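Notes for the one structure printed next.
We did not get these values from a lab; they are worked out from the coordinates using the rules stated. Quantities reported herein were computed from a predicted structural model and do not represent experimental measurements. Please note: Cβ atoms are built from the backbone with ideal geometry, for glycine as well, and neighbour counts cover all protein chains shown.
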Ligand SMILES: [Zn+2]
């Protein structure tokens with residue numbers, strides 16, 4: 001580690017990162033002159049040569065993070081050690097290098113701590129395997145192991161031997177081992193610190209190198225299982241171990257094999273929490289006969305995974321039922337409305353709907369989440385429609401169902417295999433019985449169809465603007481298509497309210513823009529107009545807040561239409577309207593005339609279909625002699641007006657002979673930008689892509 005790498009490491013730490021017991025803060029370290037940093041680097045070099053560290057750098061404070069809402073036992077806590085910042089920098093730097101170097105040597109089923117790997121991949125792969133097993137009638141069976149406190153029980157000697165075997169440099173191991181040996185850890189309880197505790201086993205959670213240690217143990221686990229049991233497929237995510245096999249008869253010996261491994265490693269396999277599974281009735285019978293603990297569904301890295309055809313979702317339901325605490329907290333919070341909406345979108349839904357692509361939820365549950373969020377936002381009122389408030393007035397992902405649909409599409413794009421998913425989707429809509437109704441692709445299919453999109457016989461999605469592949473379009477385009485579809489979903493479920501008539505063709509973006517131009521108090525009032533809150537006597541009578549539906553200001557019967565366009569009391573406010581406008585108001589949909597939703601242009605669908613249907617022109621061929629100088633450009637007409645913009649691009653072979661004019665230069669390719677998203681940036685990127693495609697196969701150097 002050098003002064004530069006240390007400085008780089010410090011600049012990438014989060015500003016709010018806690019300092020260790022040595023009291024040296026990030027601000028202190030960032031303010032240090034080069035000479036001081038150089039001294040710190042000398043400490044590292046000394047430690048790597050001798051294994052000796054200054055005690056204050058490696059002493060740690062243990063913060064106990066509760067794993068459950070009401071923790072009672074030691075096992076209910078996760079002990080995170082906060083070590084000195086300098087030691088953490090050294091550890092992070094080395095761990096990152098080691099993990100990068102190891103990456104290509106890791107077995108495919110190892111997911112923990114690897115770059116670009118995340119827990120969703122593990123359970124989604126498992127779910128796709130289960131689906132395939134049903135289709136091909138394979139007796140897929142498996143073990144889900146529970147290792148108690150893996151980090152605390154890892155035998156250090158074994159970890160270091162294994163680390164040396166995989167080639168981790170000896171000086172790093174020496175410094176690491178030295179630090180662990182003298183590391184005093186003090187437990188922090190209610191602000192007080194315990195006397196120091198030392199240990200000769202386990203790795204502290206909170207040190208980056210511990211992840212390396214666990215990763216190496218995972219490598220050994222994979223090697224052990226593959227060696228003694230080549231018929232099984234081990235999967236691991238840090239200390240979460242699973243074994244899959246296609247023959248349920250092998251499960252008992254595989255479990256014994258796994259037990260031998262944990263015993264050899266001095267780890268505790270919790271037999272009560274170690275479950276077995278099988279997707280077929282035959283497999284389950286075999287496992288039951290062997291007296292193994294069999295589960296039909298289980299929580300797997302936070303997601304609810306089902307192993308039988310019976311649809312369950314209790315992991316998610318339990319989490320959602322615990323949501324009312326948060327709504328109450330949100331309600332009494334002093335934050336402004338915008339911050340609360342953000343909290344719902346970025347904190348509440350990720351927490352309660354984690355792993356939602358794994359299983360379906362009932363409309364009632366989504367409804368209960370919506371009304372909870374409305375309470376939290378203090379937006380609940382008679383007549384206020386939660387779907388309109390969360391999904392249309394706010395960014396559509398503020399609606400829990402929309403959020404769930406988006407997550408399901410994202411997970412499929414990130415982790416699914418395109419050919420397989422599209423093929424299964426097509427088979428499901430064709431009526432195939434091979435896939436159970438609770439399989440992962442079925443869940444995706446249900447969510448896509450909820451939007452009103454359908455799936456064609458090649459597994460492509462079809463919306464208002466034509467067909468497209470879930471895997472082909474960019475996330476921005478998918479979002480655009482979804483945002484134009486969502487008002488129709490909301491309109492269908494609010495069709496019983498007259499004031500929302502015509503909501504399906506409202507221009508949500510335009511309405512939001514106008515809403516934002518108001519001051520904060522008017523925004524709050526106008527949201528009530530938009531979301532259907534009852535504020536006229538007819539609505540209040542309906543929910544027994546008023547005795548009659550007579551207008552408060554005249555003797556007519558009251559309604560939104562009456563107040564806005566008829567009541568004589570407010571005539572002066574309509575004086576700016578021309579007779580033409582006055583005449584057409586009664587013909588406008590009530591979503592506009594009574595609830596204030598801006599309407600889409602009637603040509604919007606045709607306009608989008610036109611761009612979606614533009615063909616990709618064939619790549620022009622060109623001959624090049626010598627270095628290729630290409631100038632590309634893209635531009636957009638009316639870039640600010642989303643409903644009116646259109647873009648084009650050009651690729652020019654630039655010539656050095658005509659510097660002041662276009663002599664010798666040649667337009668290689670030019671045209672309109674195909675695709676539904678018309679923007680200058682996309683046109684620019686598309687031009688570069690075309691240039692690369694034109695020059696592909698040419699041996700000359702290309703300058704763009
Ligand atoms: Zn009136």
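Can you tell me how much longer the chain between residue 493 and residue 654 gets when fully stretched, taken as 0.36 nm per residue apart minus their C-alpha distance, in nm with one decimal?
Gain in length upon complete extension: 52.2 nm.
Which FRET efficiency value, to the nearest 0.05, do you get for residue 309 and residue 116 by plugging their Cβ-Cβ distance into 1/(1 + (r/R0)^6) with R0 = 25 Å?
Efficiency at R0 = 25 Å is approximately 0.15.
How far, in degrees from 0 to 90, does helix 170-182 lean away from the longest principal axis of the Cα atoms of the chain, to the nearest 10?
So the inclination is approximately 90 degrees.
Taking square-rooted eigenvalues a ≥ b ≥ c of the alpha carbon gyration tensor, is the range 489-581 rounded, prolate or oblate, where a/c under 1.5 means rounded and, failing that, a/b exceeding b/c means prolate?
Values: a/c = 1.62, a/b = 1.17, b/c = 1.38.
Oblate, because a/c is 1.5 or more while a/b does not exceed b/c.
Mind running the shape call on the range 109-149? Use the C-alpha gyration tensor, a ≥ b ≥ c as the square roots of the eigenvalues: rounded below 1.5 for a/c, prolate if a/b tops b/c, oblate otherwise.
It is oblate, given that a/c is not under 1.5 and a/b is not larger than b/c.
Determine the gain in length on full extension of the stretch residue 446-residue 637; use 0.36 nm per residue of separation and subtract their C-alpha separation, reporting nm with one decimal.
Taking 0.36 nm per residue and subtracting the Cα distance, the gain is 64.9 nm.
What order, most packed first, do the peptides 189-197, 117-125, 45-53 have when packing is the mean number of other Cβ atoms within 10 Å of each residue?
Working: 189-197: 9.4, 117-125: 19.8, 45-53: 16.7.
Listed from highest to lowest mean packing, they are 117-125, 45-53, 189-197.
Starting from the 7 Å offset along Cα-to-Cβ, what nm value, one decimal, do you get for the label separation of residue 337 and residue 74?
5.2 nm
Please list, by residue number, everything in the range 365-409 whose backbone N is under 11 Å from a paramagnetic label point 7 Å out along Cα→Cβ of residue 328.
Answer for this model: none.
Helix 34-50 against the longest principal axis of the chain: what's the angle in degrees, Cα atoms only, rounded to the nearest 10?
50 degrees
Relative to the present Cα-Cα distance, how much length would full extension add between residue 477 and residue 182 at 0.36 nm per residue of separation?
Between residue 477 and residue 182, full extension yields 100.7 nm more.
Would you kindly calculate the translational diffusion coefficient of the chain, applying Stokes-Einstein with the Kirkwood radius from alpha carbon pairs, for 25 °C and a viscosity of 0.890 mPa s, and quote it in µm² s⁻¹ without decimals?
It comes out at roughly 80 µm²/s.
Pop the C-beta distance of residue 699 and residue 619 into the FRET formula with R0 = 25 Å and round what comes out to the nearest 0.05.
The pair residue 699/residue 619 has a calculated efficiency of 0.90.
Based on the Cβ-Cβ distance from residue 4 to residue 170, what FRET efficiency comes out when R0 is 25 Å, to the nearest 0.05?
Rounded to the nearest 0.05, the efficiency is 0.55.
Taking the Cα atoms only, what angle lies between the long axis of helix 475-493 and the longest principal axis of the chain, rounded to 10 degrees?
Roughly 60 degrees, rounded to the nearest 10.
With a ≥ b ≥ c taken as the square roots of the eigenvalues of the C-alpha gyration tensor of the range 351-458, please select rounded if a/c is under 1.5 and otherwise prolate if a/b is larger than b/c or oblate if it is not?
Taking the square roots of the gyration eigenvalues as a ≥ b ≥ c, the range 351-458 is prolate.
What residues of the range 196-238 lie in the reach of a label at residue 250, counting those whose backbone N is under 11 Å from a point 7 Å from the Cα along Cα→Cβ?
So the set is 226-234.
What order, most packed first, do the peptides 341-347, 80-86 have when packing is the mean number of other Cβ atoms within 10 Å of each residue?
Ranked from most to least packed, the peptides come out as 80-86, 341-347.
Extending each Cα 7 Å along its Cβ direction at residue 56 and residue 555, get the distance between those two points in nm, one decimal.
8.9 nm
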